[in-house]
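A short worksheet on the structure shown next.
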Amino acid sequence: MYKKISIFLFLSLILIFTTKTTYAATKDAKSILLKKYPKEVIRLIKTADLNGDNKDESIILTDSGNLFLVNSKSFVVLINTNVAYKEDDPSINLITKSSNEKHVAILVDYFPSNTQVYVYRLEQGTLVNKLQFMADYSAEIDEKGLLHQYWKKYATEGGYDLVHGTFTWDTKKNKYKASGQFVLQ
């Protein structure tokens, strides 16, 4: 009986200490950020392994519009300012580029239909901006990780056509390539 209880406790301890939870990483990232920047109010947080090293990084957007990274070494890095404010509708998205690489896309929707897009890649412990654009109609990320930009192409006679462009990641050139300007009917 004692042997079974001992084995159960031993296995439970192994499970507790080897299981990595997003909640724990998120809680640590919050406290790390607030220790360095106590006046910030966290609006959004996304925690994930961005570079396949089995260590989580946390991306944090605050009410003041600041975008931070708490990297896997627990360093806080200010990535960008004036990203989104209380009246905006932001989201933090992860785009899988390979089994060991994810990009961070921040989409900020503005009334009535504009979307600002920022895309970052983790390089040497910080997020580096790889793409930024404004879509005056909308923007989206599809299931394959392609970024789509929709905008209005105004006609000289009045009115507009809705056009579409895509951005794909070029691993050889380490940047996004733009293509398209398709009139949508």
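Hey, which of the strands (runs of 3 or more DSSP E) in the range 87-185, taking only ones fully inside, have at least 3 residues that are farther than 30 Å from Lys55 by Cβ and aromatic (Phe, Trp, Tyr)?
Details: elements: 89-98, 101-110, 114-123, 126-135, 138-141, 147-154, 160-170, 175-184.
Because the criterion is at least 3 residues that are farther than 30 Å from Lys55 by Cβ and aromatic (Phe, Trp, Tyr), the strands (runs of 3 or more DSSP E) in the range 87-185 that meet it are 147-154.
Does at least one position in the range 132-151 carry a residue that is free of Cβ contacts under 8 Å to residues at least 24 places away in the same chain, of a type in the set (Phe, Trp, Tyr) and open to solvent by 30 Å² or more (accessible area, probe 1.4 Å)?
Yes, the range 132-151 contains at least one residue that is free of Cβ contacts under 8 Å to residues at least 24 places away in the same chain, of a type in the set (Phe, Trp, Tyr) and open to solvent by 30 Å² or more (accessible area, probe 1.4 Å).
Can you tell me how many residues within the range 59-80 are touching a helix residue (DSSP H, G or I) at 6+ places or on another chain (Cβ under 6 Å), of a type in the set (S, T, N, Q) and modelled with pLDDT of 95 or more?
The qualifying residues number 0.
Would you check which residues across the range 87-112 are out of contact with any Gly (no Cβ under 9 Å at 6 or more places or on another chain) and open to solvent by 30 Å² or more (accessible area, probe 1.4 Å) and list them?
Matches in the range 87-112: Glu87, Asp89, Ser91, Asn93, Leu94, Asp109, Tyr110, Phe111, Pro112.
Provide a single number: the residues in the range 113-125 that are open to solvent by 40 Å² or more (accessible area, probe 1.4 Å) and either within 12 Å of the chain's Cα centre (by Cα) or more than 26 Å from Leu162 (Cβ to Cβ) (or both).
Total meeting the criteria: 3.
The values are calculated or read from the model by the stated rules, or taken from the named source; none is laboratory data. Predicted model only: the values in this text are computed from it and were never measured. Here Cβ is always computed from backbone atoms with ideal geometry, including for glycine, and neighbour counts include all displayed protein chains. To get the accessible areas, we keep the full protein, side chains included, count just its heavy atoms, and leave off ligands, DNA and RNA. Shrake-Rupley method; radii C 1.70, N 1.55, O 1.52, S 1.80 Å.
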